[in-house]
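Student: Next up is a structure, given as structure tokens.
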Amino acid sequence: MTHPFLENRRARRLFLDRHLLLRPGSGPGRGNDLDGVLHDLGFVQVDSVNTLARAHDLILWSRRTQYRPQAMERLVARHRTAFEHWTHDAAVIPMPFYPMWRLKFARDEARMLSRWRRDRRDGWEREVEDVMRHVADNGPACSLDVGGDQSGGSSGWWDWHPSKTALEFLWRSGRLAICHRRGFRKFYDLAERVIPAEHLNHRNDDGEIVDWAMSEALGRLGFGTSGELAAFFEIVTRDEAKAWCARALADGRVIAADIEMADGSLRRSFTTEAVLDQTPSLPNPTSRMRLLSPFDPALRDRARAERLFGFHYRIEIFVPEARRRYGYYVFPVLQGDRVIGRLDAKRAGNSLVVRAFWPEAGVRMGKERIVGLKAELDRVRHLAGVETVEFADGWLRA
């Protein structure tokens, strides 16, 4: 049987368009516009590393250069149009998706309870009840507000103090919600005091949630294997994803297609006829160079990004400095529909210091590309809150 074929360049452009990285992008990067960006992406990952900007801020800035961190804080803490929870990692998620997270709440709770019972973690039930009562009686709390003196360090529960573990358990199981952050510290409150009633009280059965998660993942990826679709929100299991794809294929909701990878190989994936029909009319990519977060949605599935773009990337935070190939926290740089290199840069005082840029193999850094890279760095300094960009000697590597 012959399957539709999508050549690599069109596949890359489709994928980037679904991630809001193909076109120039305009908008104020706040309020309703930011809600729209978050909805189109599905979520943005939250990470504590802040050498230039936090992950979610750089992700959103890459799509809206007028974006500033306070805009996301307002969506979560004031307008309640987004909430924080877990996908493959901690993330900010559109509030209308909240009912679909109930399946994840239930499964996370069951998994954690099973682990505690298996490991004979004595006292966990009392700790959870005490923390829940404290929040109910006293309002929003952080890990420093519960459990008494925590200066003694970990008790061995996930290497956390028991009260912090209880807070995380209550959050992951949906009984608490993050109401705001102070700095980067999370404050939790009862879910009913944070989540708007229309979303808190809405219920879907498990089958509806699985169907939603798979359909929405396919819409944001453009194409994918059952495993890639399952991994997008990490709500459904791999077995559920395989079963969904088989049903959707039999029903004609999806088709199988051969997607060309960067090395010329073909990867059988699921997509729709409507998506494939759109690919010839996709515009040429913007000429802007874009500095991406290491956790950008377009790159966070490292294996998929390597297959599609030929770009191998690993974070070296936990690699001893002497053994790092590039640097502690290196930013991929996108130009057009290619990842052309990686940048090592961080704030130092009132400057953004560029220590190194490594072009990818076959990428020539001529005058025009250097000008484009410097223009992007001049733009990002506003997000980083610095006045100047400085370049270390020998910053442009072979």
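The values are calculated or read from the model by the stated rules, or taken from the named source; none is laboratory data. Everything numeric here is computed off the predicted structure, so don't read it as measured data. Virtual Cβ from ideal backbone geometry, glycine too; neighbours counted across all protein chains shown. Accessible surface is based on the protein model in full, side chains and every heavy atom, while ligands, DNA and RNA are left aside. Shrake-Rupley method; radii C 1.70, N 1.55, O 1.52, S 1.80 Å.
Student: Using packing as a proxy for protection, rank 332-342, 307-317 so that the peptide with the highest average count of other Cβ atoms within 10 Å comes first. Don't jump to the answer; show the numbers that get you there.
Tutor: On the way: 332-342: 22.2, 307-317: 16.9.
Per-residue mean Cβ counts within 10 Å order the peptides as 332-342, 307-317.
Student: Ordering E73, E7 by how much accessible area each has at a 1.4 Å probe, largest first, what is the list?
Tutor: Details: E73 110, E7 65 Å².
Putting E73, E7 in descending order of accessible area: E73, E7.
Student: Compare H79, H19 by solvent-accessible area with a 1.4 Å probe and give them largest first, with all protein chains kept in place.
Tutor: H79, H19
Student: Over the chain, what relative contact order in percent results from Cα pairs under 8 Å that are six or more residues apart?
Tutor: After rounding, I find 18 percent.
Student: Scan around V330 for amide H atoms under 5 Å from its own, H built in the peptide plane at 1.01 Å from N, and keep only partners 5 or more places away or cross-chain.
Tutor: Amide H neighbours of V330, under 5 Å, 5+ apart: E316.
Student: Using the structure shown, list the pairs from K164/K242; K186/K346; K164/K374 with a Cα-Cα distance above 32 Å, or answer none.
Tutor: Details: K164/K242 36 Å; K186/K346 25 Å; K164/K374 43 Å.
The pairs that break the limit, which is 32 Å between Cα atoms, are K164/K242; K164/K374.
Student: What net charge do the residues around H3 carry, taking every other residue with its C-beta under 13 Å from that of H3, with Lys and Arg at +1 and Asp and Glu at -1?
Tutor: Cβ neighbours under 13 Å give a net charge of -1.
Student: Could I ask something else about it? Which label belongs to the value computed from this structure, given these candidates for volume of the Cα convex hull per residue in Å³: [x] 182; [y] 170; [z] 202?
Tutor: [y]
Student: Pop out the carbon and sulfur fraction of the accessible area of region 233-381 as a percent, whole number, probe 1.4 Å.
Tutor: Numbers: 3410 of 7180 Å².
Result for region 233-381: 48 percent of the exposed heavy-atom area is carbon or sulfur.
Student: Continuing with the same structure: Sequence neighbours fewer than 8 away in the same chain don't count; with that in mind, list the aspartates and glutamates whose C-alpha is under 12 Å from K104.
Tutor: D206, E234
Student: If you don't mind, another one. Counting only other residues whose beta carbon sits under 14 Å from that of V236, what net charge do I get with K and R as +1, D and E as -1?
Tutor: -4
Student: Considering only protein heavy atoms, what per residue accessible area in square angstrom results for the chain with a 1.4 angstrom probe?
Tutor: Accessible area per residue, the chain: 46 Å².
Student: Protein chains only, probe 1.4 Å: how do S293, S281, S143 rank by accessible area, largest first?
Tutor: Values: S293 0, S281 95, S143 20 Å².
These residues rank, largest area first, as S281, S143, S293.
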